[in-house]
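Please read the structure below before turning to the comments.
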Amino acid sequence: MRNDYLSKWLLFITSYLPLYLWLLFSGVDYSHLDFLNYNLERLKSFPNIFRMILVILVVVSIVEIIKLFIGSGSEVKRLPVEMEISPESDSLMNYVVTYFTPLISFDLHDAKSVIMNVLLFLLIGLMYVGSSATYLNPVLGIFGFKIFGVSGFPHAHHIISSFSFDEIETIKNRGDEVIRYRLGDGIYVIKLKK
């Protein structure tokens, strides 16, 4: 497992992938795209530098999602019979609401707007990373993962899985082995052993 603090920040950065894509493509004037007459001086403009940063964030996010699906450092275990789970969909919806603030007020051509939104992004990141709430990741939901609060699961407060609540209960009661991968402090991804 990597540095836990770095893992939390990478997971937080990944959670904003749809926003990066939205900002990247919504700020483009598609009626004036002319790649033949594009010069290097235009790349140095503030909006284009910001777009390059967004592209980097998109690449980092995609790499982290791929690493999540690979799950290096995983181990095979049975789910504890005494484990209790509860869905966390309300918390995820509250997190998604944080997407709307930048979308409403963002203006790529206004440096003040960009700076204020970047500061808001960093503030939200500090709060979520500091409170180990980085499991609230809408991108995981897009890929079919669900978040569950758990008790009775050693060293875990949340699990992320593509299984439904009923499937996890069945796996637990039958004693099936699962592949578990520690994503961060108290956060595990579980998958069925193949």
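The values are calculated or read from the model by the stated rules, or taken from the named source; none is laboratory data. Given the structure is predicted, the values throughout are model-derived calculations rather than measurements. Reconstructed Cβ throughout: ideal geometry from the backbone, glycine too, with neighbour counts over all protein chains shown. Ligands, DNA and RNA are excluded from the accessible area calculation, which covers all protein heavy atoms including side chains. Shrake-Rupley method; radii C 1.70, N 1.55, O 1.52, S 1.80 Å.
Observations on the structure shown:
- The lone exception for Leu120 - which of (1) open to solvent by less than 30 Å² (accessible area, probe 1.4 Å); (2) in contact (Cβ under 8 Å) with a residue 12 or more places away in the chain; (3) closer than 18 Å to Tyr20 by Cβ it fails: (1)
- Boolean, Ile187 is touching a residue at least 24 places away in the same chain (Cβ under 8 Å), hydrophobic (A, V, I, L, M, F, W, C) and surrounded by 13 or more Cβ atoms within 10 Å (Cβ to Cβ): yes
- Number of the exception - Glu169 against (1) at pLDDT 90 or above; (2) under 17 Å from Val76 (Cα atoms); (3) not aromatic (Phe, Trp, Tyr): (2)
- As for the stretch 91-108, it holds no residue that is exposed (fewer than 14 other Cβ atoms within 10 Å of the Cβ) and either closer than 25 Å to Ile179 by Cβ or at pLDDT 85 or above (or both).
- Among the residues of the stretch 20-64, those that are aliphatic (A, V, I, L, M), open to solvent by less than 30 Å² (accessible area, probe 1.4 Å) and modelled with pLDDT of 85 or more comprise Leu54, Val58.
- Checking each residue in the stretch 129-157 for being part of a helix (DSSP H, G or I) and either surrounded by 21 or more Cβ atoms within 10 Å (Cβ to Cβ) or β-branched (Val, Ile, Thr) (or both) picks out Val129, Val139, Leu140, Ile142.
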